[in-house]
Structure formats: C-alpha cells, structure tokens
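Worksheet: the structure to be examined is printed underneath.
The values are calculated or read from the model by the stated rules, or taken from the named source; none is laboratory data. Small disclaimer: the values here were computed from a predicted structure and weren't measured. A quick note on method: Cβ atoms are made from the backbone with ideal geometry, for glycine too, and the neighbour counts reach across all protein chains shown. Heads up: the accessible areas ignore ligands, DNA and RNA and are worked out on the full protein's heavy atoms, side chains in. Shrake-Rupley method; radii C 1.70, N 1.55, O 1.52, S 1.80 Å.
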Amino acid sequence: TDTTFFWRSLMLASTLGLLGRRGEAERIAADLVRERPDFPSRGRTLIGRLIRFPEVSDPILEGLGRAGLHLV
C-alpha cells in the first residue's frame, strides 16, 4: 500500500459524508485510517499542505466529521 496516496479515500469519505451517505462514508474513512494510521492526528497538516484556503478545506473537514473521522 502506498501511504502517500490517500487523497482519493479522503475526498470520497468527505463527499459521501456531506451527501449524508453515512454508512458508505464511514467505511471509506475506516479504509483511510487503515491506509494511514496517523491520519487522525496528522490529517489537518496533510490537508493544509495542499489546500491553503479555509473556504475549501472547511467543507472537506466537515464531511470527514460526518463520516465519523474527527481530526485532532
């Protein structure tokens, strides 16, 4: 598994969370954490390296929260 390639799972979990498809979102979020066990503690930093604007990152974080993945 390539631990640097997590964006697909991240965006899918976030989008499904925002769409209210909680079960699917939770499964993808669990996959993301399996791929990147450090993601709950490092996710904000990793996202912030690529996405610098809060108006873009805030909805992503909201979707992850709805998927059950709350970042520290």
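For the chain, which whole-number percentage of the solvent-accessible area (1.4 Å probe, protein heavy atoms only) is attributable to carbon and sulfur atoms? After summing per-atom areas, the C and S share lands at 56 percent. Accessible surface calculations at 1.4 Å, restricted to protein heavy atoms, place the chain at 62 Å² per residue. Translational diffusion of region 1-40 was estimated from the Stokes-Einstein equation, with Rh taken as the Kirkwood radius over Cα pairs; at 4 °C and 1.567 mPa s the coefficient is 131 µm²/s. Here the contact order of the chain, divided by its residue count and restricted to Cα pairs under 8 Å and six or more residues apart, works out to 43 percent. The Rg/Rh ratio for the chain is 0.93, where Rg is the radius of gyration of the alpha carbons and Rh is the Kirkwood radius.
Stretching the chain fully between Arg8 and Arg34 yields a gain of 8.0 nm (0.36 nm per residue, less the alpha carbon separation).
Each Lys or Arg adds one and each Asp or Glu subtracts one; over the other residues with Cβ under 15 Å from the Cβ of Asp58, this totals +1.
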